[in-house]
1. Of the conditions (1) under 30 Å from residue 399 (Cα atoms); (2) at pLDDT 60 or above, residue 276 clears all except one; give me its number.
2. Within the range 369-390, count every residue that is closer than 13 Å to residue 311 by Cβ and within 26 Å of the chain's Cα centre (by Cα).
3. How about the range 145-185: which of its residues are crowded, with 18+ Cβ neighbours inside 10 Å and assigned to a loop (DSSP other than H, G, I, E, B)?
4. Which of the residues that make up the range 257-297 are under 15 Å from the mean Cα position of the chain (by Cα), surrounded by 13 or more Cβ atoms within 10 Å (Cβ to Cβ) and in a loop (DSSP other than H, G, I, E, B)?
5. Please give the number of the condition residue 142 fails out of (1) of a type outside the set (Lys, Arg); (2) in contact with a helix residue (DSSP H, G or I) (Cβ under 6 Å, 6 or more places away or on another chain); (3) over 30 Å from residue 170 (Cα atoms).
6. Residue under question is residue 238, and the condition is that it be out of contact with any Pro (no Cβ under 7 Å at 6 or more places or on another chain), farther than 30 Å from residue 45 by Cα and not in a strand (DSSP E or B); does it hold?
7. Kindly indicate the residue of the range 356-368 that is closer than 30 Å to residue 301 by Cα and in a loop (DSSP other than H, G, I, E, B) and also nearest to the chain's Cα centre (by Cα) among those meeting that condition.
8. Could you tell me whether the range 335-347 includes any residue that is touching a strand residue (DSSP E or B) at 6+ places or on another chain (Cβ under 6 Å) and modelled with pLDDT of 55 or more?
Amino acid sequence: MANNKKSKRKKIIIFSIGGILLIALVLVIVLESKKVPIIPVQIEDVKKRIITQIVTATGKIYPEIQVIITPEVSGEVISLPVRDGQKVKKNDLLLKIKPDFYTARRDQMAAGVASSGATLQRAQNDYRRIKDLFEKKLVSDAELDQSKTAYEVAKAGYEQAQAALNQTDEDLRKTTIYSPMQGTVTQLKVESGERVLGTSQFQGTAVMTIADLSRMECRVDVGENDIVLISISDTARIDIDAFPNRKFIGVVYEIANTAKTKGFGTQEEVTNFEVKVRIIDKDVILRPGMSMTATIETETHENVIAVPIQCVTTRQPKVGKIEKQEEESSDVKVLSLEKMKQKSETSAKEVVFLSNDDGTAKMIEVKRGISDDLYIEITEGLKEGDKVITGSFKAISRELEDGSKIKTETDKKWK
């Protein structure tokens, strides 16, 4: 009997202790759930700065002026006095094509001209004689017309033969090619003894390229979203891979009007516009084909309010008010118009967060201007001296709300 009483008392104690622990655990959970989280952040004073908007693009170095040499006649190269990289002057001999075939044709055409000339002379003499007899009424109209026709046919034949001779003379002249400009042979694609193709109607074999290496340019492809920012005479800072410790200066002098599209009709479709940048520096020898990156300065604003780029984020306003009005409205058309208006008013807004003296964050809607690599111009919403929250990325992009508790950590970097 005594044992049963002890056992019951023991069970009561155990259950009591368990209940107390359970109640304590529930209280801890409730209190923790009501505890306001404190978000660690970094802050920075808002200052006025110089903001330079840039567009960055990659490309290659090219001569500003270059000529691709292509023959207009076909044949074997019998003389090639230049080599790749050689400097040439205007009218220097570049190459000579074997002229035997064109010489023979020229001689043949010259013989044809002589024959046609003799025929023309005979027809002309006959026409004059018949014309004199006609004036004396010794021949008929038909005989005069016949002699005149023979003369005109002979004249046309002579002119045709002379034109053919001129053409062969021109072809013979084209077997010798001279430099059209002063420059450097930047590409040489043939050797002496090779055959080249060329016609007067179509482009022949590209045998070499002559370029003026004293005037070099960059050609970069700029996306359709950035091309509207670039203007003629914009300054460019140029990084050339072959000269890693130097920046070159350039000026935009040509912007393509027509786009170049890659991967048309695919998910990788890209639309670019070619921009040409004239390189001003002339104290370094640049070679065609060198890789480069151009940073084009499109616009500069001085003495403007600016904050680090990561400070600006977006927040979506609450839309509960709209949903309630949808339930209460009975006019579908009015509801649709009102809903569209309210949705435009409640679209995502660009904001920054300021640090208040009471340890809370204040959300401020802002309007931004241009930006560079690090800072963005704020045209409305901030003033110089405001303390803007600059990090961490997680806090600014997701955690912070208006009134959030914050703790300043000035010795940590953005994450």
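The values are calculated or read from the model by the stated rules, or taken from the named source; none is laboratory data. Just so it is clear, the structure is predicted and the values come from calculations on it, not from any experiment. In this analysis, Cβ positions are derived from the backbone assuming ideal geometry, glycine residues included, and neighbour counts consider all displayed protein chains.
1. (1)
2. Result for the range 369-390: 5.
3. Answer for the range 145-185, where residues must be crowded, with 18+ Cβ neighbours inside 10 Å and assigned to a loop (DSSP other than H, G, I, E, B): 175, 179.
4. Hit for the range 257-297 is 259, nothing else.
5. Of the numbered conditions (1) of a type outside the set (Lys, Arg); (2) in contact with a helix residue (DSSP H, G or I) (Cβ under 6 Å, 6 or more places away or on another chain); (3) over 30 Å from residue 170 (Cα atoms), the odd one out for residue 142 is (2).
6. When the stated conditions are applied, residue 238 does not pass them.
7. Among those that are closer than 30 Å to residue 301 by Cα and in a loop (DSSP other than H, G, I, E, B), it is 366.
8. No, because not a single residue in the range 335-347 is touching a strand residue (DSSP E or B) at 6+ places or on another chain (Cβ under 6 Å) and modelled with pLDDT of 55 or more.
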